[in-house]
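Okay, so here's the structure we're looking at.
Each value in this text was obtained by applying a stated rule to the coordinates, not by laboratory testing. Owing to the predicted nature of the structure, the values given are computational and were not obtained by experimental measurement. All Cβ positions, even for glycine, are placed from backbone atoms using ideal geometry, and neighbour counts span all protein chains on display.
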Amino acid sequence: MALVLSEDQQLLKDSAKNFCEQNAPVSVLRGLRDSKDEQGYDQAIWSQIIELGWAGMTIPEDYGGFDFGYGGLGVVLEETGKTLVSSPLISTVLVGATAIVQLGNETQKQDLLPKIVAGELLTALALDEHTSHNPSKIATTATKVDGGYALNGSKTFVLDGHIANVLIVAARTSGETIGEQGISLFLVDANAEGLNVVRTIMVDSRNSSNIQFNNVVVAEDALLGELDQGFNGLDSVLDIARIGIAAEMLGSMQAVFESILEFLKQREQFGVLIGSFQGLQHRAAEMYSEIELCKSAVRAALAGLDDPDTTQAERAELASMTKAKLSEVFFLVSNEGIQMHGGIGMTDEFDVGFFIKRARVAQQFLGDASFHRDRYATLNGF
């Protein structure tokens with residue numbers, strides 16, 4: 001399992017780095033926050049991302065994509081994490097396109113994937129219904145009616161739900177409220193009758209939505225994957241997304257660490273640079289070591305996604321190990337970013353405050369460290 005980037009991946013990483021630094025610095029997110037932008041992302045930047053081909057990176061060539069693999073998308077996400085790029089890349093490309101590629105039938109793929117590549121379609125995953133992530137606890141129901149299904153229930157923390165054209169909804173078609181059996185996935189038009197979407201701006205200035213389904217009727221061909229057997233496919237998609245978000249978190253923690261080092265080299269107290277204080281050196285050394293471990297975890301997980309010999313069980317272990325580790329270390333580094341900048345780190349003048357807010361949201365997205373430690377233990381028979 002390769003823990004280093006290929007030549008093509010390194011070239012892509014360099015290209016993404018240049019693009020994010022020049023076109024999408026943290027100041028863009030600051031502007032979106034201050035203006036309370038209705039979309040929550042910069043349309044001009046998203047159009048440039050589409051032109052760069054990032055939206056089609058993991059989509060097969062048969063559907064207009066480039067089939068570059070998750071290793072390629074991972075390095076792009078890492079670079080977007082360094083400047084906190086707010087865009088539909090996670091909700092539409094990492095999650096939505098992956099779900100359609102893995103679970104969709106040929107008609108669904110032909111209809112939706114080329115539109116994602118062209119930037120004509122945005123998606124959102126409507127999964128969680130409670131304050132904590134639990135993909136098997138689904139109370140939203142999909143009841144069989146003439147010509148299709150009627151959806152009733154509510155979803156929370158739907159990333160980019162208010163800008164999506166199509167929602168991928170997890171609903172229960174049989175069984176109890178808690179349990180993997182009986183969960184099905186549906187493609188729901190965002191303009192469907194009975195759908196109520198309420199935007200919420202999260203602490204990291206990105207978009208989330210609470211969504212209510214009141215007898216939302218979808219056709220039979222809206223079913224994504226198998227009836228009652230959607231959980232395994234959903235779990236596979238979630239593991240890919242967890243590794244992708246971990247890659248973004250890796251980029252963000254590296255940016256915070258670089259900011260800390262720069263501050264240690266400039267800030268003076270008692271006539272000396274604070275970087276000469278041994279206590280701060282030890283804390284910086286600990287962060288460096290932890291970030292290097294995170295790099296290895298992310299590289300291994302991304303390589304596992306692109307390796308056809310990796311089983312779903314192995315992929316699940318890689319995903320939970322990586323998401324748990326990155327959540328813990330991002331928490332540490334973002335906290336140290338505030339602490340080591342001192343009082344000025346608490347002000348809006350420095351960008352480090354944006355990173356600690358992003359850390360808190362990214363930690364919770366698709367399962368926090370506690371969720372994934374428990375899941376990893378369960379996967380290994382404990």
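With Cα atoms defining each centre, the stretch 355-382 and the stretch 176-220 are spaced 23 Å apart in the structure.
Straight-line reach only, C-alpha to C-alpha below 23 angstrom: list the lysines that Lys144 could link to, leaving out same-chain residues fewer than 8 apart. Hits, sequence-local ones excluded: Lys155.
Note on the stretch 103-242: Kirkwood radius taken over Cα pairs, Stokes-Einstein applied at 4 °C and 1.567 mPa s, translational D equal to 86 µm² s⁻¹. Across the stretch 1-49, the fraction of Cα-Cα pairs farther apart than 14 Å, rounded to a whole number, is 62%.
Simple spin-label estimate for Ser35 and Glu176 gives 5.1 nm between the two label positions (7 Å along the Cα-to-Cβ direction from each Cα). Starting from the Cα gyration tensor of the stretch 117-190, take the square roots of the eigenvalues, sort them a ≥ b ≥ c, and report rounded, prolate or oblate (rounded when a/c is under 1.5, otherwise prolate if a/b is larger than b/c, else oblate). The shape class here is oblate.
Restricting the calculation to Cα atoms, the stretch 156-220 yields a radius of gyration followed by a Dmax of 13.0, 38 Å. Spin-label model, Ile201 to Glu61: label points 7 Å out along the Cα-to-beta-carbon direction sit 4.5 nm apart.
Counting only aspartates and glutamates at least 8 places from Lys325 when in the same chain, those with an alpha carbon closer than 16 Å to its own are Glu78, Asp239, Glu248, Glu286, Glu290, Glu292, Glu317, Asp368, Asp374. Sort the stretch 182-254 into rounded, prolate or oblate with this rule: let a ≥ b ≥ c be the square roots of the eigenvalues of the Cα gyration tensor; rounded if a/c is under 1.5, and if a/c is not under 1.5, prolate when a/b is larger than b/c, oblate otherwise. Oblate, since a/c reaches 1.5 and b/c is not below a/b.
Check the straight Cα-Cα distances from Lys13 and name the lysines below 18 Å, setting aside those fewer than 8 residues away within the same chain. Excluding near neighbours in sequence, the set is Lys82, Lys295. Restricted to Cα atoms, the stretch 231-379 shows a radius of gyration and a Dmax of 17.3, 61 angstrom. The shape of the chain comes out prolate: with a ≥ b ≥ c from the C-alpha gyration tensor, a/c is at least 1.5 and a/b beats b/c. Dividing the helix sum by the residues of the chain, where each DSSP H run of 4 or more adds -39500 (n - 2.57), gives a mean residue ellipticity at 222 nm of -16500 deg cm²/dmol. Full extension of the segment from Ala377 to Asp309, taken as 0.36 nm per residue of separation minus the current Cα-Cα distance, would add 22.2 nm. Dipole check for the chain: with +1 at the C-beta of Lys and Arg, -1 at the C-beta of Asp and Glu, and the Cα centre as origin, the magnitude is about 1080 Debye.
The local environment of Phe277, defined by Cβ-Cβ distances under 13 Å, has a net charge of +2 under the rule Lys, Arg +1 and Asp, Glu -1. In whole angstrom, how far apart do the alpha carbon centroids of the stretch 22-68 and the stretch 246-308 sit? After rounding, the separation between the Cα centres reads 26 Å. Gyration tensor over the Cα atoms of the stretch 7-120: the corresponding equivalent ellipsoid has semi-axes (square roots of 5 times the eigenvalues, largest first) of 25, 17, 10 Å.
Taking the chain as a Gaussian network, where each spring joins two C-alpha atoms under 10 Å apart, which residue of Ile274, Ile49, Ile211 fluctuates the most? The residue with the greatest mean-square fluctuation here is Ile274.
What residue among Ser136, Ser370, Ser154 has the largest mean-square fluctuation in a Gaussian network model of the chain, using Cα springs under 10 Å? It is Ser370. Taking the chain as a Gaussian network of alpha-carbon nodes connected by springs under 10 Å, the highest mean-square fluctuation of the residues Val75, Val93, Val203 belongs to Val203.
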